[in-house]
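Taken together, the values in this text are just the output of simple stated rules run on the coordinates, not laboratory data. Note that the structure is a prediction, hence the values are computed from the model and not measured. When we count neighbours, we look across all protein chains shown, and the Cβ atoms used for this are built from the backbone with ideal geometry, even at glycine.
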Amino acid sequence: MHDTVKTQQGLVRGRTHDGIVSFKGIPYAAAPDGLRRFLPPQPAASWDGVRKADAFGSAPPQRPPAPGVPAVWRPGDGLDCLTVNVWTPTPVDAALPVMVWIYGGQWTYGASSMPHYDGSVLAGSGVVVVTFNYRTGFEGFGRLPGIPNNRGLLDQIAALTWIQDNIAVFGGDPGNVTVFGSSAGGASAALLAAAPAAADLFRRCIVQSLPAGYFSAAEAQQVTERLAAVTGTAPTRDGLAELPPQALVEVPDRQLTGGCPGGAFAPVIDGDLVTGPPWQALADGRARHVDMLCGFTHDEHRGFPPTADPARIDLAAAATQFGLAPNAALAYRAAYPDSTAAELFTTLMSDALVRMPTTFTAEAHARTGGRTWLYDFAWQGPIGAAHGIDIPFVFGLPHTRYAARFLGTPPPVGFAALSHQIRTAWTSFATTGDPGWPPFDTHLRTTHIWDTTPADTAYPVPDSHHIWSQTQSSHPADQ
């Protein structure tokens, strides 16, 4: 194998380990700092000689996602974060399928250097795996007058363009690219499928646990004004660019949302790059040529920080918060009569935050003739089938700090077999457009259940779907 290849910007040298060559920290765009701060990504500069590609680039500016979690970015790291990483089993002209991972993290956290996103095991299945960084938080999604919105998504398009220009020298086929991601990364994949600016950059996408939560221009502008007020500057590019990145990431979300639940940043529906939430943006069939595999975990809400005392749960208030019909709480109790109040709350919140957004996205794509598949990840770990539990299975990495939360330590004996099945389905989909179970349509609604013994069934929560379909305004599009 060759560990040195020539990209359009210059030569890079990677490292070979267990038959996989990895190339890390390759710039796909210039550092978004100085005069480039808050602007769309600009081309990366070329270099002379051979550039070592054996270490990840810096993460985008962010604070640790939770107390006790190691920081992936520190103030001294700056803003030079727009880099790409490649794992390949054969960096020659092999034309292998390409799988491009987009991380999640509530549009505020995340980095391709996180150990649970290492692509070496997945690449061992015969695909070229690519990960990259994109700007999160205000740097990537803050609204500023006269400046393009959704810079984080523009970063993603720039990375996908780099892949089109360069992946062949790493053994990948630029005509067979699959974008996959979880949570905000899954939403990114779906939004890019609907974006004309990303047309022809990929052929398929895997949408894992697509969330609700997209901002109007007015909502995003309000966040900017609050951030400016808290930091004592003007709500303009010039005003906020005077502040170092750490001054922006240190402001708690609750100060930017006015105390409302949810994150402070999300894609801005600007009518240009983002025309609506994914289930609306896909409704006109603009992405029917893209094969789409969608899915959710069965207990999505268990992966989120606690939002209520189980002893004080008000199901009716929670339903009202999401715009459901007045009888929704009663409908949930009738639909799930054996559930406790806490279990009902988990079901409702899982529906509201992820399951219905993902389902509606799959339905919108299938309705327009797009080839669509749906799954429900139901395997139970120590905290249930929680949001994010599928990631260690997809990457085949049971021993990371991230995986320990979902799998326990040591990981269960059944992990290896189920992970192999899932990786086989994902790479089969990337290779041929078929994950190995019947497609989803709006009539049969066949859903693949990932569990110790996988199965193909009818849609697993029809009562939830019925409740959410009763009130048009209750669709997550309005959250």
(request) Those residues that are aromatic (Phe, Trp, Tyr) and either free of Cβ contacts under 8 Å to residues at least 60 places away in the same chain or in contact with a Pro (Cβ under 8 Å, 6 or more places away or on another chain) (or both), I need them from the stretch 63-119; list them, please. (result) Trp73, Trp107, Tyr109
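Just checking, which of Pro462, Pro454 is more than 24 Å from Ala335 (Cβ to Cβ) and either loosely packed, with under 14 Cβ neighbours inside 10 Å or touching a helix residue (DSSP H, G or I) at 6+ places or on another chain (Cβ under 9 Å) (or both)? Talk me through it step by step, then tell me what you get.
Values: Pro462 fails: more than 24 Å from Ala335 (Cβ to Cβ).
So the residue among Pro462, Pro454 that is more than 24 Å from Ala335 (Cβ to Cβ) and either loosely packed, with under 14 Cβ neighbours inside 10 Å or touching a helix residue (DSSP H, G or I) at 6+ places or on another chain (Cβ under 9 Å) (or both) is Pro454.
Give the number of residues within the stretch 61-120 that are aromatic (Phe, Trp, Tyr) and in a helix (DSSP H, G or I).
Kept after step one, since they are aromatic (Phe, Trp, Tyr), are these residues of the stretch 61-120: 73, 87, 101, 103, 107, 109, 117.
Subset that is in a helix (DSSP H, G or I): 117.
Qualifying residue count, the stretch 61-120: 1.
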(message) Residues that are in contact with a Phe, Trp or Tyr (Cβ under 9 Å, 6 or more places away or on another chain), of a type in the set (Gly, Ala, Ser) and free of Cβ contacts under 8 Å to residues at least 24 places away in the same chain: does the stretch 290-301 have at least one?
(response) no
(request) Give the residue, chosen from Gly137, Gly146, that is under 23 Å from Ala218 (Cα atoms), surrounded by 24 or more Cβ atoms within 10 Å (Cβ to Cβ) and not hydroxyl-bearing (Ser, Thr, Tyr). (result) Gly137
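Among the residues of the stretch 23-74, write down those that are aliphatic (A, V, I, L, M), surrounded by fewer than 18 Cβ atoms within 10 Å (Cβ to Cβ) and within 30 Å of Gly146 (Cβ to Cβ).
First pass over the stretch 23-74, keeping only residues aliphatic (A, V, I, L, M): 26, 29-31, 35, 39, 44-45, 50, 53, 55, 59, 66, 69, 71-72.
Of the ones still in play, those that are also surrounded by fewer than 18 Cβ atoms within 10 Å (Cβ to Cβ) are 30, 35, 39, 45, 50, 55, 66, 69, 71.
Result: Ala30, Leu35, Leu39, Ala45.
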(request) Go through the stretch 8-30 and give me each residue that's under 15 Å from Phe132 (Cβ atoms), in contact with a Ser or Thr (Cβ under 9 Å, 6 or more places away or on another chain) and not aromatic (Phe, Trp, Tyr). (result) Gln9, Val12, Ser22, Lys24, Gly25, Ile26, Pro27, Ala29
(request) For Arg135, state whether it is part of a loop (DSSP other than H, G, I, E, B), charged (D, E, K, R) and touching a strand residue (DSSP E or B) at 6+ places or on another chain (Cβ under 9 Å). (result) no
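Here's the yes/no breakdown for (1) in a loop (DSSP other than H, G, I, E, B); (2) in contact (Cβ under 8 Å) with a residue 60 or more places away in the chain; (3) surrounded by 17 or more Cβ atoms within 10 Å (Cβ to Cβ); (4) on the phi < 0 side of the Ramachandran plot:
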| position | (1), (2), (3), (4) |
| --- | --- |
| Val223 | no, yes, yes, yes |
| Arg226 | no, no, yes, yes |
| Leu240 | no, yes, yes, yes |
| Leu243 | yes, no, no, yes |
| Gly258 | yes, no, no, no |
| Ala264 | yes, yes, yes, yes |
| Thr275 | yes, yes, yes, yes |
| Trp279 | no, yes, yes, yes |
(message) Anything in the stretch 395-417 that is in a helix (DSSP H, G or I) and closer than 18 Å to Asp299 by Cα? List them, or say none.
(response) Tyr402, Ala403, Ala404, Arg405, Phe406, Leu407
(message) Under 9 Å between Cβ atoms, which residue pairs at least 6 apart in sequence (or on different chains) link something in the stretch 10-22 that is acidic (Asp, Glu) with a partner that is not in a strand (DSSP E or B)?
(response) Asp18/Ser120; Asp18/Gly124
(request) Could you please tell me which pairs satisfy a Cβ distance under 8 Å, a separation of 6+ or placement on different chains, a first residue in the stretch 445-469 that is touching a residue at least 12 places away in the same chain (Cβ under 8 Å), and a second residue that is among the basic types (Lys, Arg) and crowded, with 17+ Cβ neighbours inside 10 Å? (result) Ala458/Arg445; Tyr459/Arg445; Val461/Arg355; Ser464/Arg355
(message) Suppose the filter is under 22 Å from the mean Cα position of the chain (by Cα), of a type in the set (S, T, N, Q) and either farther than 24 Å from Gln280 by Cβ or surrounded by 15 or more Cβ atoms within 10 Å (Cβ to Cβ) (or both); does Thr431 pass it?
(response) yes
(request) May I ask you to list pairs of residues, at least six apart or on different chains, whose Cβ atoms are under 8 Å apart, with the first in the stretch 182-209 being free of Cβ contacts under 8 Å to residues at least 60 places away in the same chain and over 17 Å from Ala362 (Cβ atoms) and the second being among the β-branched types (Val, Ile, Thr) and surrounded by fewer than 24 Cβ atoms within 10 Å (Cβ to Cβ)? (result) Ala198/Ile157; Leu201/Ile157; Leu201/Thr161
